[in-house]
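Student: Submitted below is the structure of interest, expressed as structure tokens.
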Amino acid sequence: MDWGTEIGTTRYLFERVNPRKQDGDGVISYDSKIANVPVRVYQPKSTTEDAELPVIVYFHGGGMVMGSVNSYDETTRYLATALKIKIVSVGYRLAPEHPFPIPVQDCIAVTKAILQSPSEYNIDVSKVAVVGDSAGGNLAAAVAQKLARAENIPNLNFQGLIYPALQSLDFNLPSFLQNNRVLGHDRLQSIRFRLNYGLGSADPTNVEIVLGGELLRHVENTDKAYLLSYLNASHIPQRFKEREYKTNVSRTEGHPLPQKLYKTFTNPSFMPLLRKDLQGLADTYIMTCEFDMLRDDGILYARRLKKAGVEVKWDHIESGFHGVFSLGENYEAGKEAREKFIAYTKKKFEL
């Protein structure tokens with residue numbers, strides 16, 4: 001099966017497994033557009049028309065190539081019900097049809113519109129957060145970085161990053177090697193997702209360049225060599241290295257390096273862990289899971305944010321795996337993940 005067909009099939013199955021639910025449990029939902037981007041809005045039924053509510057702007061996961069407001073309906077509906085606030089679920093455009101920077105631009109546009117015109121959307125502008133899981137965590141981090149440096153934009157209350165994908169240079173970090181193929185989530189698939197997002201296609205040669213570490217070694221010999229310090233596995237606590245894993249398992253040599261690949265994969269708007277200056281960012285919630293390839297991305301970003309003076313709350317789900325937040329009540333780890341995030345949000349929004 002070629003990758004284009006695989007994406008189409010995966011999208012179809014993803015949507016079929018996660019259908020939209022009926023309104024209930026005190027929540028109403030409706031589809032709309034903000035800044036010309038499709039969104040689904042959830043809010044309490046009991047809310048008066050002019051009530052100003054806290055809001056989470058939610059960016060779904062799916063590797064930037066799949067997922068939708070429909071497939072994430074259960075997750076966002078749960079948050080609206082549990083928190084009794086407004087949720088704006090963003091239907092950003094997907095790669096490979098709409099590669100970087102289009103998805104992040106869609107997410108910035110929606111968040112910016114809400115922050116600049118809160119009365120239009122009945123929002124308490126002091127209680128606006130961007131939240132996402134997996135690829136959506138990448139987008140939430142990128143949006144928070146962009147808006148922190150924008151003029152005349154109110155500050156976010158917090159950014160919530162749930163097992164976020166934050167770098168695409170080093171796929172030999174301990175978590176990538178320990179958790180490769182856990183529940184069908186593997187390094188090869190992850191790299192294909194990043195290439196489809198970044199370049200609009202997953203050329204097999206580029207897959208080899210990234211998986212084999214050639215891109216990482218090229219960066220080491222450029223003026224962006226400082227990026228490697230952000231990915232240093234020595235910054236990962238020893239307890240996360242106790243499970244056995246092999247290093248440098250896919251090393252390759254000799255491929256010509258496409259400049260677009262280099263420029264995109266070292267762009268911090270593409271992978272936010274690579275942002276040089278993290279000072280002044282919104283308070284941050286980061287969730288990692290033990291059995292997840294993206295675990296170390298979150299650990300490394302939490303460390304860098306704390307060093308930059310950002311207030312960080314980091315929760316680690318010891319029995320968690322990638323995607324568990326969306327599975328919620330079906331797993332104890334999912335319940336734990338949701339409960340921890342709900343507790344943090346209630347504290348930040350003073351609910």
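The values are calculated or read from the model by the stated rules, or taken from the named source; none is laboratory data. A quick note: this is a predicted structure, and the numbers were derived from the prediction, not measured. Don't worry about glycine lacking a Cβ; one is built from the backbone with ideal geometry, like all the others, and counts go over all protein chains shown. Ligands, DNA and RNA are stripped out before the accessible areas are found, and what is left, the full protein with its side chains, is counted by its heavy atoms. Shrake-Rupley method; radii C 1.70, N 1.55, O 1.52, S 1.80 Å.
Student: Contact list please: Cβ distance under 9 Å, first residue in the range 97-120 and among the basic types (Lys, Arg), second residue outside any loop (DSSP other than H, G, I, E, B), pairs at least six apart or on different chains.
Tutor: Pairs that qualify, where the first residue is among the basic types (Lys, Arg) and the partner is outside any loop (DSSP other than H, G, I, E, B), are Lys112/Val143; Lys112/Lys146; Lys112/Leu147.
Student: Taking the condition part of a helix (DSSP H, G or I) and touching a Lys or Arg at 6+ places or on another chain (Cβ under 8 Å), does Ser175 pass? I'd like the intermediate steps shown before the answer.
Tutor: Numbers: part of a helix (DSSP H, G or I): yes; touching a Lys or Arg at 6+ places or on another chain (Cβ under 8 Å): yes.
Spelling it out, Ser175 is indeed part of a helix (DSSP H, G or I) and touching a Lys or Arg at 6+ places or on another chain (Cβ under 8 Å).
Student: Next question. Would you confirm whether any residue within the range 147-162 is open to solvent by less than 20 Å² (accessible area, probe 1.4 Å) and in a helix (DSSP H, G or I)?
Tutor: Yes - at least one qualifying residue is present in the range 147-162.
Student: Looking at this structure, is Ala144 surrounded by fewer than 21 Cβ atoms within 10 Å (Cβ to Cβ), in contact (Cβ under 8 Å) with a residue 24 or more places away in the chain and aliphatic (A, V, I, L, M)?
Tutor: Values: surrounded by fewer than 21 Cβ atoms within 10 Å (Cβ to Cβ): no; in contact (Cβ under 8 Å) with a residue 24 or more places away in the chain: yes; aliphatic (A, V, I, L, M): yes.
Judged against the criteria, Ala144 is not a match.
Student: Quick one: what pairs do we get from the range 331-346, first residue of a type in the set (Phe, Trp, Tyr), second open to solvent by 60 Å² or more (accessible area, probe 1.4 Å) and not in a helix (DSSP H, G or I), C-beta under 8 Å, 6+ apart or different chains?
Tutor: What qualifies is Tyr344/Lys313.
Student: Among the residues of the range 128-144, are any over 16 Å from the mean Cα position of the chain (by Cα) and assigned to a loop (DSSP other than H, G, I, E, B)? Walk me through it before giving the result.
Tutor: Taking the range 128-144 as the starting set, the residues that turn out to be over 16 Å from the mean Cα position of the chain (by Cα) are 128.
Next, only the ones that are assigned to a loop (DSSP other than H, G, I, E, B) stay: none.
Checked the range 128-144: no residue is over 16 Å from the mean Cα position of the chain (by Cα) and assigned to a loop (DSSP other than H, G, I, E, B).
Student: Take the residues of the range 178-199 that are assigned to a loop (DSSP other than H, G, I, E, B) and out of contact with any Asp or Glu (no Cβ under 8 Å at 6 or more places or on another chain): which is most open to solvent (accessible area, probe 1.4 Å)? Don't jump to the end; show me each part of the working.
Tutor: Step one: filter the range 178-199 for residues assigned to a loop (DSSP other than H, G, I, E, B), giving 179-181, 183-184, 186.
Subset that is out of contact with any Asp or Glu (no Cβ under 8 Å at 6 or more places or on another chain): 181, 183-184, 186.
On the way: Arg181: 171, Leu183: 132, Gly184: 53, Asp186: 38 Å².
Ranking the qualifying residues of the range 178-199, first place goes to Arg181.
Student: Can you pull out every residue in the range 38-74 that is touching a strand residue (DSSP E or B) at 6+ places or on another chain (Cβ under 8 Å) and of a type in the set (Ser, Thr, Tyr)?
Tutor: Tyr42, Thr47, Tyr58, Tyr72
Student: Working only within the range 1-43, note down all residues that are in a loop (DSSP other than H, G, I, E, B), open to solvent by less than 60 Å² (accessible area, probe 1.4 Å) and in contact with a Lys or Arg (Cβ under 8 Å, 6 or more places away or on another chain).
Tutor: Filtering the range 1-43 down to residues in a loop (DSSP other than H, G, I, E, B) leaves 1-2, 18-23, 25-26, 35-36.
The next check asks that each one be open to solvent by less than 60 Å² (accessible area, probe 1.4 Å); those that pass are 18, 26, 35.
Within the range 1-43, Gly26, Ala35 qualify.
Student: State whether the residues of the range 57-65 include one that is aliphatic (A, V, I, L, M), in a loop (DSSP other than H, G, I, E, B) and either modelled with pLDDT of 95 or more or open to solvent by less than 10 Å² (accessible area, probe 1.4 Å) (or both).
Tutor: Filtering the range 57-65 down to residues aliphatic (A, V, I, L, M) leaves 57, 64-65.
Remaining after also requiring in a loop (DSSP other than H, G, I, E, B): 64-65.
Cutting the leftovers down to either modelled with pLDDT of 95 or more or open to solvent by less than 10 Å² (accessible area, probe 1.4 Å) (or both) gives us 64-65.
There is at least one residue in the range 57-65 that is aliphatic (A, V, I, L, M), in a loop (DSSP other than H, G, I, E, B) and either modelled with pLDDT of 95 or more or open to solvent by less than 10 Å² (accessible area, probe 1.4 Å) (or both).
Student: A further question follows. Which condition number in (1) under 19 Å from the mean Cα position of the chain (by Cα); (2) on the phi < 0 side of the Ramachandran plot; (3) open to solvent by 10 Å² or more (accessible area, probe 1.4 Å) is the one that Ala95 fails?
Tutor: It fails just one condition, (3).
Student: Got a number for residues in the range 234-266 being under 21 Å from the mean Cα position of the chain (by Cα) and within 20 Å of Val210 (Cβ to Cβ)? Quick ask: steps written out before the conclusion?
Tutor: Just the residues of the range 234-266 that are under 21 Å from the mean Cα position of the chain (by Cα), to begin with: 236, 261, 263-266.
So of that shortlist, the ones also within 20 Å of Val210 (Cβ to Cβ) come out as 261, 263-266.
Residues that pass the stated criteria total 5.
Student: List pairs: first residue in the range 153-168 and without any contact (Cβ under 8 Å) to a residue 60 or more places away in the chain, second residue among the aliphatic types (A, V, I, L, M) anywhere in the structure, Cβ distance under 7 angstrom, at least six positions apart or on different chains.
Tutor: Here the result reads Ile153/Leu115; Ile153/Leu147; Pro154/Leu115; Pro154/Val125, each pair linking the range 153-168 to a residue that is among the aliphatic types (A, V, I, L, M).
Student: Take Val130 and tell me if it is in contact (Cβ under 8 Å) with a residue 24 or more places away in the chain, surrounded by 24 or more Cβ atoms within 10 Å (Cβ to Cβ) and under 17 Å from Glu311 (Cα atoms). Write out each step before concluding.
Tutor: Working: in contact (Cβ under 8 Å) with a residue 24 or more places away in the chain: yes; surrounded by 24 or more Cβ atoms within 10 Å (Cβ to Cβ): yes; under 17 Å from Glu311 (Cα atoms): yes.
It is true that Val130 is in contact (Cβ under 8 Å) with a residue 24 or more places away in the chain, surrounded by 24 or more Cβ atoms within 10 Å (Cβ to Cβ) and under 17 Å from Glu311 (Cα atoms).
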